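Chemist: One structure is given below, represented as C-alpha cells, and several questions about it will come after.
The values are calculated or read from the model by the stated rules, or taken from the named source; none is laboratory data. All of these numbers come straight from a predicted model, not from anything done at the bench. A quick note on method: Cβ atoms are made from the backbone with ideal geometry, for glycine too, and the neighbour counts reach across all protein chains shown. Accessible surface is based on the protein model in full, side chains and every heavy atom, while ligands, DNA and RNA are left aside. Shrake-Rupley method; radii C 1.70, N 1.55, O 1.52, S 1.80 Å.
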Protein chains: 2
Amino acid sequence: MATIKDVARKAEVSTATVSAVINDSAYVSPELRARVLAAVRDLSYAPSLAARNLKRGRSQLIALVVADLANPFFSRVVWAAEAAVAAWGYSLLIFNSDEKPEVERRILARVRTLSCDGVILVPVGDSTEHLQSDPDGKPIPTVLFGRTVAGDRSDTVTIDNISASRQATEYLLDLGHTRLGTVTGPLHLTTGRGRLDGMLAAMRSRGLALESRYIRSGEFREDAAYSVARSLLEQPSRPTALYVASGLMALGVMRAVADLGLRCPGDISIASTDTIPGIGGLRPRLTRTEHPLVDMTNEAVRLLVDQIRRGGPAEPRNVVFQPSLVVGDSCAPVVARSVASPLSSSGSGQ
Amino acid sequence: MATIKDVARKAEVSTATVSAVINDSAYVSPELRARVLAAVRDLSYAPSLAARNLKRGRSQLIALVVADLANPFFSRVVWAAEAAVAAWGYSLLIFNSDEKPEVERRILARVRTLSCDGVILVPVGDSTEHLQSDPDGKPIPTVLFGRTVAGDRSDTVTIDNISASRQATEYLLDLGHTRLGTVTGPLHLTTGRGRLDGMLAAMRSRGLALESRYIRSGEFREDAAYSVARSLLEQPSRPTALYVASGLMALGVMRAVADLGLRCPGDISIASTDTIPGIGGLRPRLTRTEHPLVDMTNEAVRLLVDQIRRGGPAEPRNVVFQPSLVVGDSCAPVVARSVASPLSSSGSGQ
DNA sequence: AAAACTCACCTAATCGATTAGCTGGGTTCG
DNA sequence: CGAACCCAGCTAATCGATTAGGTGAGTTTT
C-alpha cells in the first residue's frame, strides 16, 4: 500500500500538501493540486484509516449492539442502520449481546478499545454504568434503542409500548372478546412490561380484568413464546383472544395454536405488536401494530451523529414513536354464546 | 483515556514492559507484572486499537458484504457471522451492496481504507478485479459466500444449487406433477442459474421438458417474486406446481397465489429452496430444501481466518455444502385427471 | 578470573497520517 | 523605503502503540 510519503515524493511536494489536498483543509495552488491528484491516482493511494484515526482520535465507526440478532426485528434494524450510517459517512459494526448483560459488558469494552465514535445500544442489563468509558474519561456517545434503562441519561428512541398494546387490546375488545390472554416479553424490560401495562389499562378502562393465569411472559423468542403459549392455552378454560408482544413471539404462538389443533381466528383470535415482514401470503395474516422502524433507526443515527459532532451529550433527548394498527385476519368477533356465558365455554376448539 | 505511557509512569516501568504484560509477548517478573496490572486496573486502561493497528498493520476487523440486507437469508448470515467472527477475536463490519456492482465497488474501497483484515463477500458483480487492493499491493483475504464469480481465485463457500433444485423438483415429480413452473433468481447469478439448471436436469432425466413460458426469473425479493409469479400464474393454462428458488421469493409467490384466489396446495403445489425461519405455525408450511447455514458461515470464517494467518492466499479452496429436503404441506399429489390430460385442464383453480 | 552467555528490562525508532509553527517571497501601507 | 502582513508550502512534532536493539547485573564456561 502506498503511503502519503510515496505520494508526496512522486508529486514532489510535502506530505502536508498532500494531506491538504486530500482533506481539502487548506488552499493549494491548482498546479500542485493536480500533481498530487495524479500521484494519488497513479499509486492508487488510499489513506490509512488507522493512522488517520490515531491522529484525529476518531474512527468513523458506529457500533450497533442488539439484544438478539436472531430476531427478525433486529435484523431489520441492522438493515436500516447500515443505510443510515453509510449516508453519514460512517461504517457499521454489529454486535449481539444475546440478552446477556455480561456479554453486553464485554462488547462495550471492545467498543471502547475500537474507539468507536458512537454506539446504538439495545440494552439488556438494567444498568448503564458501563457506558462510562472510565471514571475520568468522557462517555462514548450513545443512543438507546427500543428499550430504556431507569436512571440513564442517554438519548433514547423508542415506541409508545403502552399505546401499542392498548390499540391491539381495544381492537380485540371491540370484537366482543372479554376473556383475553397475553404472551408478553420479560417484565424487567420496558418493552415487555409496557406492553402488558397498556393492555391492563385498556381492559381496566372497560371495567375488565386480565386474569393472572392468562398472563405469560417469556423471552422475545419463537421457542419461548411457543412453550408459554402452549401452557397458557392448555388450561381448562382458555381465553378467546390473545395479545402477543412481538412479531417473533406471534410466530411461536401460531405454532402452538396449530400444534394444539386450534384454528386461528376460529378458535382463538390473535393480535400482536410487530410482525415478520413479507408473510402476507401466508394464513392467517396477523392483525398487529407496526412501528415506523426505518424512521426510528434514522432518528437514532441522527441523534448519535449529532452527539458525536457536538462532542458531548447535551440534555438527553427521548424520542417516542407511535405505532399504528394494521388489521389482518387473525381476529374474529366472539360468538354470542361466549360473550353471554364466558365461564362455560371451555371446549370450543378442536 | 489513559495511554500506555500513563500506565508505565504509574507502575514505574517502561512502556515496553507494559506492552509485554498486556500482550504476553515476553517474560516479565511477577512483581513488575503485578504492578502493571494494578496500574491498568486503576486507570482502567484499554489499549488504543488505532495505535496498535497502525503499528501491526492489521485491524481485527472482518467485513461482511451482503447483496441484500433486507433478505432474511442474509440476516441469518449476519447473525451466524457475528458469532463466528467474535469467537476468533474479530469484530464484524456490515455492508449492504444492495445488488449494485458500483455500490460493491465503493464498499470494497472503503474496506481497504479501513484496513480490514478480511472480507466475506456475496458478490453482485461478475468480476472481482476490484478485490485486488491495487496493482502492486496484495489483495485483501477474501471468501466468496453463496455465489461464485467466473475466473475468480478466492476461496468460496456455496451450496450445491443443482442438487437443491433437483431434490425439490424430483419431489414434485414424484407427486405426479408434470406441468411445472419456476420462479428463480437472476440468471447471471450462480444461485439463480444453477437452481434453474438443476430443475431442468431433473425433468430431462424423466423425459419431461420445462416450457419456457413457465420459467420466470427476477431479483431475490418478495415483491419481484410476487409480480413474476402473478404473470406466470395468470396465463391461460397454468402449471400445477412451482419450484421457487428462494425463501423470500416463496413468500412473494404465496402472496400472489393468495391474491389470485388460488389455494396452496389445493390448486398449486409449491416447493422452494430455503425458507423463512419460524413460520412453521402459519399455513401452508413450505416444502423446501434447507442449507446448513450456520456451518456454511462458520466455514467461511474459518477459511478467512486461515488466509489471514498464513498471510496470503494458498491454492483456492471451494467448499460446497449439500442441501436437504424438508417436507411441509405446500405440495399435494396431482389429481389423476391432470396427469392423464395435462393440456386440457386449464381451469382447475377458482 | 576473564570471557561468554542469559536474563529482565529499558531506550528509542517506527507505523502513516495530521497540523502547529516556520519560511521566504510578494504586497500593502505609512 | 522599510515595517507589517499575507500566503503557499514546508519542516517536524505528534497521536499511542510495538519492537529491534541495547544495557548492566548475574551466571556459566574454560
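Chemist: In Å², rounded to the nearest 100, what is the total accessible surface buried by chains A and B against each other with a 1.4 Å probe? Before the final figure, lay out each step's value.
Modeler: On the way: alone 16460 and 16450 Å², together 28860 Å².
Summed over both sides, the interface buries about 4100 Å².
Chemist: Taking a probe of 1.4 Å, how large is the accessible area per residue of the protein assembly as shown, in Å²?
Modeler: Values: 28860 Å² over 700 residues.
Roughly 41 Å² per residue, with all protein chains present.
Chemist: Once you list every other residue whose beta carbon is under 14 Å from the beta carbon of A:Ala70, what net charge do they have if Lys and Arg are +1 and Asp and Glu are -1?
Modeler: Once all neighbours under 14 Å are counted, the net charge is -3.
Chemist: So, one more: Compute, for A:Leu172, the solvent-accessible surface of its heavy atoms (probe 1.4 Å) with the complete set of protein chains present, and express it in square angstrom to the nearest 10.
Modeler: Solvent-accessible area, nearest 10 Å²: 0 Å².
Chemist: Roughly how many whole Å is it from the C-alpha centroid of the stretch B:288-322 to that of the stretch A:150-177?
Modeler: Centre-to-centre distance over Cα atoms comes out at 44 Å.
Chemist: Quick check: Cα centre of the stretch A:53-129 to Cα centre of the stretch A:221-247, how many Å?
Modeler: After rounding, the separation between the Cα centres reads 32 Å.
Chemist: Within 14 Å, Cβ to Cβ, of B:Val327, how many net charges do the neighbouring residues add up to if Lys/Arg are +1 and Asp/Glu are -1?
Modeler: On the way: positive: B:Arg285, B:Arg288; negative: B:Glu170, B:Asp174, B:Glu290, B:Asp329.
So the surrounding residues net to -2.
Chemist: Taking the Cβ of B:Arg195 as the centre, find all other residues whose Cβ is under 13 Å away and add up their charges (Lys, Arg: +1; Asp, Glu: -1).
Modeler: Net charge in that neighbourhood comes out at +2.
Chemist: In peptide A:215-225, what is the residue-averaged number of other protein chain Cβ atoms found within 10 Å of each Cβ?
Modeler: 1
Chemist: If all Cα-Cα distances of the stretch A:4-47 are sorted into 5 Å bins from 0 onward, what percent lands in each bin, rounded to whole numbers?
Modeler: 6, 29, 40, 21, 4
Chemist: How much length is gained if the chain between B:Asp259 and B:Trp88 is pulled fully straight, taking 0.36 nm per residue apart and subtracting their Cα-Cα distance, in nm to one decimal? If you can, show how the numbers build up before the last one.
Modeler: Numbers: separation 171, 0.36 × 171 = 61.56 nm, distance 4.72 nm.
This chain segment gains 56.8 nm when fully extended.
Chemist: Tell me, what HN-Hα J-couplings in whole Hz come from the Karplus equation 6.51 cos²θ - 1.76 cosθ + 1.60 at θ = phi - 60° for each residue of the stretch B:279-289, using x for Gly and Pro?
Modeler: So the J values, rounded to whole Hz, are 8, x, x, 9, 10, x, 8, 5, 8, 7, 9.
Chemist: Of the options B:Leu108, A:Pro239, B:Ser227, report the single residue whose Cα projects farthest towards the positive end of the charge dipole of the protein assembly as shown (beta-carbon charges: Lys, Arg +1; Asp, Glu -1).
Modeler: B:Leu108
Chemist: Could you rank A:Ser272, B:Ser324 by how accessible they are, 1.4 Å probe, largest area first?
Modeler: B:Ser324, A:Ser272
Chemist: Oh, and also: Please get the size of the charge dipole for chain A, origin at its Cα centre, with Cβ charges of +1 on Lys and Arg and -1 on Asp and Glu, quoted in debye to the nearest 20.
Modeler: 300
Chemist: Non-local amide H neighbours of B:Asp155 (under 5 Å, H modeled in plane, Pro and chain starts lacking H): which ones?
Modeler: Those lying under 5 Å, H to H, from B:Asp155 are B:Thr142, B:Leu144, B:Arg317.
Chemist: If you don't mind, there's one more thing I want to ask. Report, to one decimal in Å, the Kirkwood hydrodynamic radius for chain A based on all distinct Cα pairs.
Modeler: Over chain A, the inverse of the mean reciprocal pair distance is 22.9 Å.
Chemist: Now for a different question. Go ahead and estimate [θ] at 222 nm for the protein assembly as shown from helices alone: -39,500 (n - 2.57) per DSSP H run with n ≥ 4, summed, over the residue count, rounded to 500.
Modeler: After summing the helix terms and dividing by the residues of the protein assembly as shown, the value is -13000 deg cm²/dmol.
Chemist: Further, regarding this structure: Tell me, what is the FRET efficiency for A:Arg317 and B:Glu315 to the nearest 0.05, using R0 = 56 angstrom and their Cβ-Cβ distance as r? If you can, show how the numbers build up before the last one.
Modeler: Details: r = 55 Å, r/R0 = 0.98.
Efficiency at R0 = 56 Å is approximately 0.55.
Chemist: If only Cα atoms are counted, what is the Rg of the stretch B:172-258, and what is its Dmax, in Å?
Modeler: In order Rg, Dmax, the Cα atoms of the stretch B:172-258 give 12.0, 33 Å.
Chemist: If you don't mind, another one. In peptide A:72-83, what is the residue-averaged number of other protein chain Cβ atoms found within 10 Å of each Cβ?
Modeler: 5
Chemist: Counting only other chains, and only Cβ atoms inside 10 Å, what mean value do you get across the residues of B:108-114?
Modeler: The shielding value for this peptide is 5.
Chemist: Accessible area of B:Ser75, 1.4 Å probe, to the nearest 10 Å²?
Modeler: 10
Chemist: Moving on to the next point. Would you please calculate the Kirkwood hydrodynamic radius of the stretch A:1-125 over all C-alpha pairs and express it in Å, rounded to one decimal?
Modeler: Hydrodynamic radius (Kirkwood, Cα only) of the stretch A:1-125 equals 16.9 Å.
Chemist: Further, regarding this structure: Mind ranking A:Lys55, A:Lys10, B:Lys5 by accessible surface for me, highest first, 1.4 Å probe?
Modeler: A:Lys55, B:Lys5, A:Lys10
Chemist: For the protein assembly as shown, take the convex hull of the Cα atoms, compute a quarter of its surface area, and give me that in nm², please.
Modeler: Details: hull surface 144.5 nm².
The Cα convex hull of the protein assembly as shown, projected and averaged over all directions, gives 36.1 nm².
Chemist: Does the stretch A:44-194 come out rounded, prolate or oblate, given a ≥ b ≥ c as the square roots of the eigenvalues of its C-alpha gyration tensor, rounded meaning a/c under 1.5 and, failing that, prolate meaning a/b above b/c?
Modeler: Details: a/c = 2.95, a/b = 2.02, b/c = 1.46.
It comes out prolate by the Cα gyration axes.
Chemist: In percent, how large is the relative contact order of the stretch B:4-47, given Cα pairs closer than 8 Å and 6 or more residues apart?
Modeler: 41
Chemist: Turning to a different aspect of this structure: What is the stretch B:1-94's relative contact order, in percent, from Cα pairs under 8 angstrom and six or more apart in sequence?
Modeler: Relative contact order here is 23 percent.
Chemist: Per residue of the stretch B:253-263, in order, report the coupling 6.51 cos²θ - 1.76 cosθ + 1.60 (Karplus, θ = phi - 60°) as ³J(HN,Hα) in whole Hz, putting x for Gly and Pro.
Modeler: 5, 4, 5, 5, 4, 5, 5, 7, x, 8, 10
Chemist: May I ask you to derive the relative contact order of chain A, considering only C-alpha pairs under 8 Å and at least 6 residues apart, and to give it as an integer percent?
Modeler: 16
Chemist: Still on this model: Looking at chain B only, what percent of DSSP beta bridges run antiparallel? Nearest 5 please.
Modeler: For chain B, the DSSP antiparallel bridge percentage is about 10.
Chemist: So how many Lys-Lys pairs in the protein assembly as shown land under 22 Å Cα to Cα, not counting same-chain pairs under 8 apart?
Modeler: Lysine pairs meeting the criterion: 11.
Chemist: To test your reading of the geometry: what angle, between 0 and 90 degrees and rounded to tens, separates the Cα axis of helix B:30-43 from the longest principal axis of chain B?
Modeler: Relative to chain B, helix B:30-43 is tipped by roughly 70 degrees.
Chemist: Among A:210-222, A:245-257, what's the highest-first ranking by average C-beta atoms within 10 angstrom per residue?
Modeler: Highest to lowest by the protection proxy: A:245-257, A:210-222.
Chemist: Considering only protein heavy atoms and a 1.4 Å probe, what is the carbon-and-sulfur percentage of the accessible area of the protein assembly as shown?
Modeler: 53
Chemist: Considering only the label points, 7 Å along Cα→Cβ from Cα, what distances in nm to one decimal separate A:Glu12 from the same position in each other copy, shortest first?
Modeler: Those label-point separations list as 5.7 nm.
Chemist: Now for a different question. Measuring from label point to label point, each 7 Å out along Cα→Cβ, what is the A:Ala150 to B:Arg58 span in nm?
Modeler: My value for the distance between the label points is 4.5 nm.
Chemist: Between the label point of B:Asp223 and that of the same position in each other copy, find the distances and list them shortest first in nm, with every label point placed 7 Å from Cα along the Cα-to-C-beta direction.
Modeler: Distances between equivalent label points, in nm: 3.6.
Chemist: Let me ask another. For label points placed 7 Å from Cα toward Cβ, what is the shortest-first list of nm distances from B:Ser324 to its copies?
Modeler: Ordered by distance, the counterparts are at 4.5 nm.
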